[in-house]
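Here the structure is laid out as structure tokens; the discussion comes afterwards.
Please treat every number below as a calculation from the coordinates, not as lab data. These numbers come from a predicted model, not from an experiment. Counting neighbours? That spans all protein chains shown, and the Cβs are built from the backbone with ideal geometry, glycine included.
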Amino acid sequence: MRTVLATLAALAPAGPALAASGPFISLSNTDFVVLLAFLIFVGVLVYFKVPSLVGAMIDKRAAGIKSELDEARALREEAQALLASYERKQKEVQSQADRIVAHAKAEAAAAAEQAQEDLKVSIARRMQAAEDRIASAQANAVKEVRDQAVTIAIGAARDVIAKQMTAAEGNKMIEDAIGEVEAKLH
């Protein structure tokens, strides 16, 4: 230990304490006492293996930090994989939604087209029914006009015949009509 102290004393820089009077290695020299206390302190630290304990603690802390970094890196990779998975699922859902919308539009267009066709058919049916009613009404009107004309003609013929015909001519016409009916029935 003395050799260590002597070596340190020799290596110690010359300072204002050496310029003062008196020897450097003396307990009355404060610089020497501070140097000696420092060396004893360092010796005690070395004796109790404090540097290796500090190194072990630093290594342990470094290993903990490394494991935390590895865990953080693994979590980051897992989060990126999860993000990619969600983005892929989001794209799939978006494409499915687009397909659903396109299908719905196509169905709506088809339904509108079918409704338009049904409307055309319904209108055509109603037009046909209206035309049939008009034709029926027209036929009924023509029949009524004919019946009326026949009635009027019969009435006019009766009046004309009644004015021009005598009783003998009327009886002869009746007998001729009966003869025609008998001929047609047999």
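Considering segment 50-69 alone, what residues qualify as being over 23 Å from I40 (Cα atoms) and either among the β-branched types (V, I, T) or in contact (Cβ under 8 Å) with a residue 24 or more places away in the chain (or both)? Those that are over 23 Å from I40 (Cα atoms) and either among the β-branched types (V, I, T) or in contact (Cβ under 8 Å) with a residue 24 or more places away in the chain (or both): I58, I65.
Across segment 151-185, the number of residues qualifying as among the hydroxyl-bearing types (S, T, Y) and exposed (fewer than 10 other Cβ atoms within 10 Å of the Cβ) comes to 1.
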